[in-house]
1. Where the second residue is at pLDDT 75 or above and the first is closer than 13 Å to Arg55 by Cβ and lies in region 11-25, which pairs have Cβ atoms under 8 Å and are six or more apart or on separate chains?
2. For region 26-53, enumerate the residues that are at pLDDT 80 or above and more than 11 Å from Ile13 (Cα to Cα).
3. For region 41-66: of the residues being assigned to a helix (DSSP H, G or I) and either among the aliphatic types (A, V, I, L, M) or touching a residue at least 60 places away in the same chain (Cβ under 8 Å) (or both), which is surrounded by the most Cβ atoms within 10 Å (Cβ to Cβ)?
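The values are calculated or read from the model by the stated rules, or taken from the named source; none is laboratory data. Everything numeric here is computed off the predicted structure, so don't read it as measured data. Please note: Cβ atoms are built from the backbone with ideal geometry, for glycine as well, and neighbour counts cover all protein chains shown.
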Amino acid sequence: MVDVLLPYVTAMINTSLREGLLKKPGLDAEEVKNDRPVSNLTFVSKLVDRVVSSRLVSYLTTHGQMPQL
């Protein structure tokens, strides 16, 4: 089942990261007030959150920018 859904979920997450989650098409993506609250999309928001977190940590680590605790 995962093998079937994975390409669709991956495409959805990548599109979300690329285009954002605007409330309505045509709104200015630079205005924060035009973004859809992530809490409306519980399952998807958790996936996007994990993907973004993983990518950010990887990027910061690779470029020596990860804070040392």
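1. Sorted first by the residue in region 11-25, then by its partner, the pairs are Ile13/Leu47; Ile13/Val48; Ile13/Val51; Ser16/Val48; Leu17/Val48; Leu17/Val51; Leu17/Val52.
2. Gly26, Leu27, Asp28, Glu30, Glu31, Lys33, Asn34, Ser53, listed by residue number.
3. Looking only at region 41-66, we keep the residues that are assigned to a helix (DSSP H, G or I), and these are 42-62.
Still in the running and either among the aliphatic types (A, V, I, L, M) or touching a residue at least 60 places away in the same chain (Cβ under 8 Å) (or both): 44, 47-48, 51-52, 56-57, 60.
Numbers: Val44: 15, Leu47: 16, Val48: 19, Val51: 16, Val52: 13, Leu56: 11, Val57: 11, Leu60: 12.
Only one residue fits best here, namely Val48.
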